[in-house]
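*Asks:* Pasting a structure here, questions to come.
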Amino acid sequence: MSTETKEKQLLRGGQFLVKQVDCEEIFTLEDLNEEQQMMRESTKEFVDRELWAHWERFENKDYAYTEETMRKAGELGLLSVAIPEAYGGMGMGFVSTMLVCDYISGATGSFSTAFGAHTGIGTMPITLYGSEEQKQKYVPKLASGEWFGAYCLTEPGAGSDANSGKTKAVLSEDGKHYLISGQKMWISNAGFCNLFIVFARIGDDKNITGFIVENDPSNGISLGDEEKKLGIHSSSTRQVFFNETKVPVENMLSERGNGFKIAMNALNVGRIKLAAACLEAQRRVINEATKYANERVQFKTPIINFGAIKAKIADMATNAYVDEAASYRAAKDIEDRIAIRVAEGNTHQEAELKGVEEYAIECSILKVAVSEHVQQTTDEGIQIFGGMGFSADTPMESAWRDARIARIYEGTNEINRMLAVGMLVKKAMKGHVDLLGPATAVGEELMGIPSFDTPDYSALFAEEKDLVKRLKKVFLMVAGSAVQKFGPQLEEHQQLLMAASDILIQVYLAESAILRTEKNAKRFGEEAQATQIAMSKLYLYRAVDIIAQRGKEAIVSFSEGDEQKMMLMGLKRFTKYANQPNVVALRTQIAERVAADGGYTFDA
Amino acid sequence: MKILVCISNVPDTTSKINFTEGDTKFDTNGVQFVINPNDEFGLTRAMWFKEKQGATVHVATVGGAQTEPTIRKALAIGADEAIRINAEPTDGFFVARQLAEVAKNGGYDLIIAGRESIDYNGGMVPGIIATLLDMNFVNTCVSLEIEGTDAKAVREIDGGNETIATSLPLVIGGQKGLVEESDLRIPNMRGIMMARKKALHVVEATDAPTMTADVKFEKPAAKGPVKLVDAGNIDELISLLHNEAKAI
């Protein structure tokens with residue numbers, strides 16, 4: 001495919017909101033090539049053998065075992081999938097990177113956190129921003145698992161407000177070193193890492209600066225005790241204290257004052273990978289819960305036969321399916337964008353940075369949605385297990401605790417919700433995505449007389465696709481009016497931003513699921529995709545409800561009188577089904593398939 | 001030393017088994033295929049010979065294009081070349097005849113096949129290959145060491161082991177013991193990438209008679225629910241054991 005045609009088909013980040021995509025243009029898990037399938041199998045075998053079989057060790061704070069398994073992952077090449085071949089890596093694409101991150105993360109949050117912290121924020125700042133010398137020196141060791149990395153951004157007084165850190169970097173008198181002093185906290189992998197990515201402020205700089213700091217206790221580096229945490233018990237999380245730690249000037253990452261940018265861009269990648277890391281956890285919980293529900297007999301029948309349990313299984317499977325659809329769609333968009341950039345002459349480093357940055361909105365959307373779904377799924381997993389689920393002897397209890405952190409790290413879900421809408425508005429202002437035109441069109445539509453014709457909805461997803469189009473209008477209506485009303489002050493209206501963001505999130509997920517299923521129905525037949533069709537419909541129904549509710553809250557918060565009435569009418573029109581789906585029947589259909597398969601099989 | 005490992009493409013052990021076409025055909029729908037476990041023990045031992053004694057390892061399978069992921073996995077594990085004999089396997093003789101033809105042309109010193117495949121459990125292939133090629137043969141082989149052209153093989157026999165001295169060229173029917181389960185290798189990422197560049201030859205099948213045909217498959221009868229007999233009711237217990245379980 002030539003770059004030109006690719007560019008034409010590939011949406012810019014955030015453009016999904018104003019453009020319709022053909023189902024053939026999105027990538028789905030069913031598009032994995034043979035090599036990727038083999039990678040997935042290897043990853044699953046590693047997890048079953050080394051992690052899942054020993055999950056209780058991870059619960060018993062066996063930090064040494066986390067380190068040991070990380071080394072084994074390194075031996076299998078699982079730490080170096082994303083790293084260019086020139087630095088000892090596999091140089092594989094973004095989809096392959098996501099795939100490994102997905103399937104390696106299901107057994108225990110302790111390992112997946114160690115894996116994510118090392119391969120993502122512990123390594124990526126060097127591969128993305130390091131000088132040639134820095135990359136040659138450090139990346140091969142990080143790729144093989146000979147060394148492990150950790151990322152030191154957060155401080156006691158600088159969490160979500162990451163650029164407010166107090167850690168200082170002072171140039172030595174001979175100009176050869178920076179002396180770094182400060183306190184960093186919640187540092188994953190601190191207990192066994194060989195290298196820290198440290199962010200510190202030079203003088204009174206507005207922005208922080210990144211440094212590569214080798215871990216050497218004799219160089220003023222000391223660690224706090226292991227934190228006592230709700231979950232991810234065997235992920236080493238400690239405070240790190242730097243006391244005039246000498247760092248050679250050549251270990252500065254990128255340029256002075258560029259640290260905040262590095263930190264944020266590392267997090268963009270981290271966010272979509274975190275979404276991937278919350279997929280396999282959902283599948284495993286569904287598998288365990290289904291197995292239990294199939295076997296647990298109460299009132300003389302396996303509890304899977306009860307509608308109350310079926311509804312849970314159906315919603316759990318649906319969330320996982322939809323999350324897969326959206327995550328891999330975005331992953332391939334990023335991979336293609338990187339390829340276009342490389343073809344245009346960018347270095348791989350620049351291309352990857354820009355490629356991910358382009359889809360920062362989608363990365364935030366995915367981080368929020370998938371981390372919340374894994375929380376719901378683990379919660380229902382416990383509920384299906386009943387009292388047994390509350391016991392630490394079953395893997396449900398630890399899955400639930402481990403899932404909780406995903407809503408907090410890599411930027412809290414609240415920060416990510418605001419970012420998603422904020423970045424979109426910024427993109428519109430810069431002219432990268434034309435929101436104004438479509439928003440104006442929606443405004444005009446609201447003034448006009450609605451059509452009372454019922455379109456022909458007989459084709460697969462005809463009504464659903466039309467509905468998604470209308471849901472996009474809800475966002476344009478709400479966000480468009482809010483921007484008009486508040487201008488740059490919009491960012492102070494956080495509750496409104498949260499609501500708008502929920503609309504945005506639901507649109508992306510519902511649309512991704514429908515496109516995935518439509519693509520597969522075309523090639524494998526509608527009959528073979530009957531359950532996936534049901535899941536896509538069920539998800540859309542739930543999305544419509546959320547959008548109707550959040551849309552109303554938003555509209556009422558900033559409008560009154562006729563304007564409010566008109567927007568509420570619009571909301572009603574945009575969220576209306578011509579044919580109400582029977583969601584009870586859909587849930588039953590989905591649950592019965594999952595029960596018959598003995599678990600989640602839609603990723604096969 | 002040149003080794004040929006014969007690989008059978010079999011359903012994963014956790015697969016649900018169903019039949020179609022009036023119970024005459026295995027239903028492959030939704031079934032995941034893997035390297036036959038007995039073959040995988042042999043392949044892993046072959047990798048040991050490659051790494052410690054400089055052997056060259058080829059793998060071969062009889063099957064359609066759908067079996068290629070399975071042999072490519074063997075390449076990812078470390079085999080040097082793969083051969084797919086393009087034919088649907090029918091009975092044991094047919095498969096052995098195809099593999100023997102490939103082996104004859106390849107000049108192998110050692111041919112490792114699994115003792116049996118875990119799907120149809122025929123257990124004939126390695127023996128027939130040895131016969132067709134007039135090579136030495138050790139079945140149910142649980143240990144194999146080679147020095148020069150001398151081979152020391154241990155064979156599992158009822159209740160114990162038998163150590164055999166033999167020589168190359170040799171065919172073994174391998175099983176667990178050649179290596180242990182913990183020795184089995186997960187293809188690493190580099191291996192997977194390298195596999196793409198390794199040769200996978202597709203050769204056409206040799207004429208061979210199909211000597212047997214499947215008439216019908218049956219699944220074992222489903223187990224009934226557990227019956228609890230009151231502790232005082234010994235007569236009922238005896239009656240159930242005699243008439244239903246036919247254990248006494």
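The values are calculated or read from the model by the stated rules, or taken from the named source; none is laboratory data. In this text the structure is predicted, and so the values were computed from the model without any measurement. Virtual Cβ from ideal backbone geometry, glycine too; neighbours counted across all protein chains shown.
Each row is one residue, and each column tells you yes or no for (1) crowded, with 16+ Cβ neighbours inside 10 Å; (2) of a type in the set (Ser, Thr, Tyr); (3) farther than 25 Å from A:Val421 by Cβ.
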site	(1), (2), (3)
A:Leu538	yes, no, yes
A:Lys552	yes, no, no
A:Met567	yes, no, no
A:Val584	no, no, yes
A:Thr588	yes, yes, yes
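*Asks:* Still on this structure, I have one more. May I ask you to list the residues in region A:131-161 that are under 20 Å from A:Glu357 (Cα atoms) and touching a Phe, Trp or Tyr at 6+ places or on another chain (Cβ under 7 Å)?
*Replies:* Matches in region A:131-161: A:Leu153 only.
*Asks:* If you check B:Ala208, B:Ala213, B:Ala222, which single one turns out to be surrounded by 12 or more Cβ atoms within 10 Å (Cβ to Cβ) and either modelled with pLDDT under 95 or in contact with a Phe, Trp or Tyr (Cβ under 7 Å, 6 or more places away or on another chain) (or both)?
*Replies:* B:Ala208
*Asks:* If you don't mind, there's one more thing I want to ask. Those residues that are among the charged types (D, E, K, R) and within 20 Å of B:Thr56 (Cα to Cα), I need them from region B:80-113; list them, please.
*Replies:* Matches in region B:80-113: B:Asp80, B:Glu81, B:Arg84, B:Glu101, B:Lys104, B:Asp109.
*Asks:* Among residues belonging to region B:31-86 that are among the hydroxyl-bearing types (Ser, Thr, Tyr) and within 14 Å of chain A (Cβ to nearest Cβ), point out the one that is farthest from B:Gln98 (Cα to Cα).
*Replies:* Step one: filter region B:31-86 for residues among the hydroxyl-bearing types (Ser, Thr, Tyr), giving B:44, B:56, B:61, B:67, B:70.
After this cut, where a residue has to be within 14 Å of chain A (Cβ to nearest Cβ) as well, the list is B:44, B:67, B:70.
Numbers: B:Thr44: 23, B:Thr67: 16, B:Thr70: 18 Å.
Among those residues, the one meeting the criterion is B:Thr44.
*Asks:* I've got another one for you. Assuming B:Gly127 fulfils every condition listed in (1) closer than 23 Å to B:Ile71 by Cβ; (2) not in a helix (DSSP H, G or I) apart from one, which condition is it?
*Replies:* Condition not satisfied by B:Gly127: (2).
*Asks:* Follow-up question, since we're still on this one. Taking the residues in region B:209-248 that are in a loop (DSSP other than H, G, I, E, B) and polar (S, T, N, Q) as candidates, determine which candidate is farthest from B:Gly78 (Cα to Cα).
*Replies:* Keep residues of region B:209-248 that are in a loop (DSSP other than H, G, I, E, B), which gives B:209-233, B:245-248.
Right, trim to polar (S, T, N, Q) and you get B:210, B:212, B:233.
Values: B:Thr210: 33, B:Thr212: 35, B:Asn233: 62 Å.
Among residues in region B:209-248 that are in a loop (DSSP other than H, G, I, E, B) and polar (S, T, N, Q), the one farthest from B:Gly78 (Cα to Cα) is B:Asn233.
*Asks:* Follow-up. Which one is farthest from the other protein chains (Cβ to nearest Cβ) among residues in region B:178-197 that are in contact with a Phe, Trp or Tyr (Cβ under 8 Å, 6 or more places away or on another chain) and more than 23 Å from A:Ile83 (Cα to Cα)?
*Replies:* Among residues in region B:178-197 that are in contact with a Phe, Trp or Tyr (Cβ under 8 Å, 6 or more places away or on another chain) and more than 23 Å from A:Ile83 (Cα to Cα), the one farthest from the other protein chains (Cβ to nearest Cβ) is B:Leu178.
*Asks:* Taking region A:175-194 as the region of interest, how many residues are closer than 16 Å to A:Ile208 by Cα and within 30 Å of the chain's Cα centre (by Cα)?
*Replies:* Number satisfying all stated conditions: 2.
*Asks:* Under the condition of being assigned to a loop (DSSP other than H, G, I, E, B), in contact with a Ser or Thr (Cβ under 6 Å, 6 or more places away or on another chain) and hydrophobic (A, V, I, L, M, F, W, C), which residue from region B:133-187 is nearest to A:Met39 (Cα to Cα)?
*Replies:* B:Ile186
*Asks:* What's the number of the condition A:Met124 fails, among (1) over 18 Å from A:Thr43 (Cβ atoms); (2) modelled with pLDDT under 95; (3) surrounded by fewer than 23 Cβ atoms within 10 Å (Cβ to Cβ)?
*Replies:* All conditions pass for A:Met124, except number (3).
*Asks:* Residues of region B:198-208 being part of a loop (DSSP other than H, G, I, E, B) and more than 13 Å from chain A (Cβ to nearest Cβ), which ones? Talk me through it step by step, then tell me what you get.
*Replies:* Of all residues in region B:198-208, those part of a loop (DSSP other than H, G, I, E, B) come to B:198-199, B:205-208.
Residues satisfying the conditions are B:Ala199, B:Ala205, B:Thr206, B:Asp207, B:Ala208.
*Asks:* While we're looking at this one, here's another question. Which ones in region A:567-604 are at negative phi and within 14 Å of chain B (Cβ to nearest Cβ)?
*Replies:* The answer is A:Arg593, A:Val594, A:Ala595, A:Ala596, A:Asp597, A:Tyr600, A:Thr601, A:Phe602, A:Asp603, A:Ala604.
*Asks:* Checking B:Ser8 against (1) in contact with a helix residue (DSSP H, G or I) (Cβ under 7 Å, 6 or more places away or on another chain); (2) more than 14 Å from chain A (Cβ to nearest Cβ); (3) more than 30 Å from A:Gly599 (Cα to Cα), only one condition comes out false. Which one?
*Replies:* (3)
*Asks:* Can you name every residue in region A:35-60 that is among the hydrophobic types (A, V, I, L, M, F, W, C) and free of Cβ contacts under 8 Å to residues at least 12 places away in the same chain?
*Replies:* Of everything in region A:35-60, those that are among the hydrophobic types (A, V, I, L, M, F, W, C) and free of Cβ contacts under 8 Å to residues at least 12 places away in the same chain turn out to be A:Met38, A:Ala53.
*Asks:* Is it true that B:Asp230 is under 30 Å from A:Glu85 (Cβ atoms) and either within 14 Å of another protein chain (Cβ to nearest Cβ) or exposed (fewer than 14 other Cβ atoms within 10 Å of the Cβ) (or both)?
*Replies:* Working: under 30 Å from A:Glu85 (Cβ atoms): no; either within 14 Å of another protein chain (Cβ to nearest Cβ) or exposed (fewer than 14 other Cβ atoms within 10 Å of the Cβ) (or both): yes.
For B:Asp230, the condition - under 30 Å from A:Glu85 (Cβ atoms) and either within 14 Å of another protein chain (Cβ to nearest Cβ) or exposed (fewer than 14 other Cβ atoms within 10 Å of the Cβ) (or both) - is not met.
*Asks:* If a residue counts only when it is farther than 21 Å from A:Val474 by Cβ, which helices (runs of 4 or more DSSP H) contained entirely in region A:365-452 have at least 1 such residues?
*Replies:* Output list reads A:387-390, A:395-404, A:413-430.
*Asks:* Now a separate question. If I go through region A:270-318 residue by residue, how many of them are without any contact (Cβ under 8 Å) to a residue 60 or more places away in the chain and among the aromatic types (Phe, Trp, Tyr)?
*Replies:* 2
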